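Report on the structure given below.
What follows is calculated from the coordinates using simple rules that are stated; it is not laboratory data. Everything numeric in this text was worked out from a predicted model, so none of it was measured. Don't worry about glycine lacking a Cβ; one is built from the backbone with ideal geometry, like all the others, and counts go over all protein chains shown.
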Amino acid sequence: MPWVFRDVSPLAWPLLLAISPTFLTAQPAGKVSFSKDVAPLLTQRCMECHGREPLMANLDLRTRDGALKGAKHGPVIVPGNAAASHLYRRLIGEETPPMPLGGRLTDAEIATVKAWIDSGAEWDSGRALAPGATTTTSEKKFTEQQRRYWAFQKVVKPAAPAVKDKEWARNPIDAFIASKLDEKKLKPNPHADRTTLIRRATLDLTGLPPTPDDVQAFLADNAPDAFAKVVDRLLASPQYGERWGRHWLDLARYADTNGFKTDEPRPNIWRYRDYVIQAFNQDKPYDRFIREQIAGDELYPNDLNARIAVGFNRHFTDETNQPVIELRRQETLTDITDTVGAVFMGMTYGCARCHDHKFDPILHKDYYRLQAFFSNIREQDDLVLLSGAELETYKQQLAAWEAQTRDIRDEMHALVEPMAKARREYYTIRFSDGTKEALKTPPDQRNPLQALLAIKATPQITYEDRALVNYKDEEFGSAPLTAAQKKRFADLEIELRKFEAVKPNPPMAQTIIDHSREAPKSYVLRAGN
C-alpha cells in the first residue's frame, strides 16, 4: 500500500513501518455486526462532532443516508470499497486531518470498520444514532492518563541536584542547569565580563541600557555583593514595573480604545495600566494580585486599587453599535471566559465553548460553569476614586452644582427633547426584539437579563443636548431648532459655564461591577451558538 505513505515526513517512517503491518493484517473475528460492532464505535468516537447540530464538516453520521451523502468532499462511505471511503482513509491517516480528533481507534477497531464497509456497509433498518446513545450518560469521562498529565499535578519543589562545578553553580537554579550540562557532557560558557553583566541585567529588568555612570560605578565597586546591589537598585526603579508590567498587560489584552470599528477611546482605562505597574514595583504577592483582578470589588470593597484591578475584565473588544445586545453581551462573556481560562489556568480554555475539549480535561459545560461567574457583570466607567471625607465632600459639591444648574439644564434639554425623542424612536427599531422588550419594560419590572440589556442599549439611543442643536431631523419626524431656539440654547450654555468653577472633577477609573444580587440564568450553548 505505498499510497498510504505519500507526503509523509521521513521522520515518521520508523513509526509507519512499525504500525503499517498491523493495518494490513488485522482482521475482525467472525462476521461484523453493525449493532454490536460498528454502531458503538460511531456513537462513542464520531457522533459528538458529526451527530449534533451544527454538524462539523457538514457530515451527518446519525443515519446511513447521511453517511452515504457524505460531506463537501463527497461520499464518506462507499459501500463495498473501504479504500475509496473517506471515513476509512481518515482512520488510517491517509487523509488529513486523521480521525477521530484527539485520538486514534485501535488496529482491531479500524479493521472492523474496514470489514463493515467492504461487506456493503449495511445499517440496521430504521436505526439512527445519537451522541452517547450506547452509554448511560453522554458526559465525557476523563482517562487516568489525562488526569496524570504533568500540567495538572500539584507543584512540588524538588531538591537541587549535586553538581561538580560549585564555583559556577552558585544557586539552586544554576545547579539544575549545571546538572543538565553535565548530563549532556557540555561545558558552560565563561563568565561574562562586568560591563556585559551590568548591561544584560539592566536591559532585562528595565528594558533600557545602563548609563555610562552606572557602568563606571559598578566597575569601581569591588565589594562581593556589588552585582547584588545593582540588581536591587534595578528592581527598586520605576522602570522595572514599566518593563515587566507590559507582559501582564498583554495577557489582560489591555488597550486604550474599544478596538472595534469606530475604536472609541477609553479615557480612564489607563488607571488599570498604572495599577499593574505599581503592583510589580511594590512586589505585590501573586495570590493577592490575582484575587484583586478576579474579585477585588467583592473581597476588598474599600480598597480603591482593588476596585481598579477588577478592570482586568474590562478590556474586551466591544462593538458599541451592535443592535443585537444579547449577542454583544454574549461576545463579551466569551472574551472574558476565554481570557480568564487562558491567563489563570495556563491553557486554551476557549475550545470547550463549543464542545468537550478534544485534548484537555475540560467539559463543554465546564466552560459555561466558569462563564456563569461573570453573567451578572456590567461596565462601570465612572468609578470615583475617592473615599472617606474626600468622597463625602465630592458628593456635597456635586449635589450643590446640580441644584444650582437644574433649571438651566432642564430648559436646554426641553429645547432639543423633540429631536432626541424622534431619534430615539427611529434607532430603537434596529434593536433585537429582546432588547426592545427590555427597553419598553419599566426599570423596576425588568428581570436580571433585561436590566443588563437595557443598560448596554441605552447609550446607543441617548444623545448629548449640544449634539442635537444643529441637526436637521425632518426625516426622523421632528423639526430642527429655529434661529431663536438656537440663540436661547447658546445663551443658556453661557449661563451654565458660569458654574464650572463649583462643579467637582474627581479622578475616575473604568472597571466592572456586579449589577445586582440576582444574576441572569446561564445556559450551555450547543456548539457555542
How big is the C-alpha Rg of the chain next to the rule-of-thumb value 2.2 N^0.38 Å, as a ratio? 1.37
Could you rank the peptides 380-389, 181-190 by their average count of other C-beta atoms within 10 Å per residue, with the highest value first? 380-389, 181-190
Cα centroid of region 394-464 to Cα centroid of region 149-218, whole Å: 60 Å
Interchain or sequence-distant (5+) residues whose placed amide H lies within less than 5 Å of the amide H of MET508 are LEU385
With x for Gly and Pro, the residue-by-residue ³J(HN,Hα) of region 322-329, computed from phi through the Karplus equation 6.51 cos²θ - 1.76 cosθ + 1.60 at θ = phi - 60° and given in whole Hz, is 5, x, 8, 5, 4, 5, 4, 5
Would you please name the trypsin sites (Lys or Arg not before Pro) within region 492-528 that are DSSP coil residues with at most 16 other C-beta atoms within 10 Å of their C-beta? LYS498, ARG517, LYS521
Computed over the chain: relative contact order in percent, which uses C-alpha pairs under 8 Å that are six or more apart: 12 percent
Among PRO301, THR405, PRO448, the residue whose Cα sits farthest towards the positive end of the charge dipole of the chain, when +1 is placed on the Cβ of each Lys and Arg and -1 on the Cβ of each Asp and Glu, is PRO448
For the pairs LYS157/LYS521; LYS185/LYS229; LYS154/LYS365; LYS157/LYS187, note any where the Cα-Cα span goes beyond 31 Å. LYS157/LYS521; LYS185/LYS229
With +1 on the Cβ of every Lys and Arg and -1 on the Cβ of every Asp and Glu, and nothing else charged, how large is the dipole of the chain about its Cα centre, in debye rounded to the nearest 20? 1460 debye
Where Lys and Arg each count +1 and Asp and Glu each count -1, what net charge lies around THR435 among other residues with Cβ under 11 Å from its Cβ? +3
Which net charge results when you count Lys and Arg as +1 and Asp and Glu as -1 among the other residues whose beta-carbon is under 12 Å from that of GLN322? +1
Cα-based shape type of region 290-329, given that a ≥ b ≥ c are square roots of the gyration tensor eigenvalues and the cut on a/c is 1.5: prolate
Per principal axis, largest first, the Cα atoms of region 339-452 extend in Å by 64, 45, 23
Under the Karplus relation 6.51 cos²θ - 1.76 cosθ + 1.60, θ = phi - 60°, what is the ordered set of whole-Hz ³J(HN,Hα) values for region 272-284, x standing for Gly and Pro? 5, 4, 5, 4, 5, 4, 5, 4, 5, 5, 8, 6, 4
Past 24 Å, Cα to Cα: identify those pairs from LYS36/LYS141; LYS395/LYS498; LYS358/LYS456, in the order given. LYS358/LYS456
Separation between Cα centres of region 507-529 and region 273-331, rounded to whole Å: 13 Å
